[in-house]
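For reference, the structure discussed in these notes is given below.
Nothing in this text is a laboratory measurement; each read-out follows from the coordinates by a stated rule. As the structure is a prediction and not an experimental result, all values here were calculated from the model. Using ideal geometry, Cβ is built from the backbone for each residue, glycine included, and neighbour counts are taken over all protein chains shown.
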């Protein structure tokens, strides 16, 4: 039973560039949430996708956008990267209205 | 907005000792979750709590959902070196909704 998988594992980008991160949910899960984790902090909720639509959004600017595909996989896009966007980006999957979220290993994004 | 205060921030204990950490909030939650995160990895779900007053165990781990729905604690008994890591509490208000995380408790175990 495959867990949540994310790609790439590490990424280095330059300020102003755009980045796309990818996530495949745990088998059987239909809901994908994205979190940003700064060093030494707890994860912060970015947004959640269900049935290919954004169901809930946290306090992140419009530079952060996402998409969910019919197979439930998801992408996180960040435009006009800032140095402060450097963080571990975590994808979590869950089932419908369930609260138990299972996380991937994360994508470490460094903006230089 | 909703915030979780997790304490202590860090703990240094001897192998075999018991550990206790807690999480408090000014807002109520309907679900409490406890996660462990190893360096360079994503958080791993340890225990989920769904009812006020609920006490749940998972091996050497025991967690409780506070009666007021504003707090939760996690106990680890007879700690071992592989317990080392950062433990996070997370609260959920709306079913299936976003997780609000605490700042984490970093546990170090001395053999």
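If packing is taken as the average number of other Cβ atoms within 10 Å across a peptide's residues, how do A:68-75, A:20-27, A:101-108 rank, most packed first?
Peptide ranking by packing, descending: A:101-108, A:20-27, A:68-75.
Test of understanding: ordering B:11, B:21 by Cβ neighbours within 10 Å, fewest first, what list do you get?
Ascending Cβ contact count within 10 Å gives the list B:11, B:21.
Can you pull the mean other chain C-beta count within 10 Å for peptide B:24-31?
Across the residues of B:24-31, the mean count of other-chain Cβ atoms within 10 Å is 1.
Can you work out the FRET efficiency for the pair residue B:77 and residue B:12, with r the C-beta to C-beta distance and R0 = 25 Å, to the nearest 0.05?
Given R0 = 25 Å and the Cβ-Cβ separation, E is 0.90.
Sorting B:105, A:5 on the 10 Å Cβ count, fewest up front, what's the list?
In order of increasing Cβ crowding within 10 Å: A:5, B:105.
Need one number: % antiparallel among DSSP beta bridges in chain B, to the nearest 5.
The answer is about 90 percent antiparallel.
Using only atoms on other chains, find how many Cβ atoms lie within 10 Å of each Cβ of peptide A:35-42 and report the average.
Per residue, the number of nearby Cβ atoms from other chains is 4 on average.
Using Cα-Cα distances under 8 Å and only pairs 6 or more residues apart, what relative contact order does chain B have, in percent?
About 37 percent, as a whole number.
So how do B:70, B:36 line up by other beta-carbon neighbours within 10 Å, fewest first?
Ascending Cβ contact count within 10 Å gives the list B:70, B:36.
What does the C-alpha gyration tensor say about the overall shape of the range A:20-112? Classify as rounded when a/c is under 1.5, otherwise prolate if a/b is larger than b/c, or oblate.
Verdict is prolate for the range A:20-112.
Per residue of A:94-103, count partner chain C-beta atoms within 10 Å of its C-beta, then hand back the mean as an integer.
Per-residue shielding by partner chains comes out at 6.
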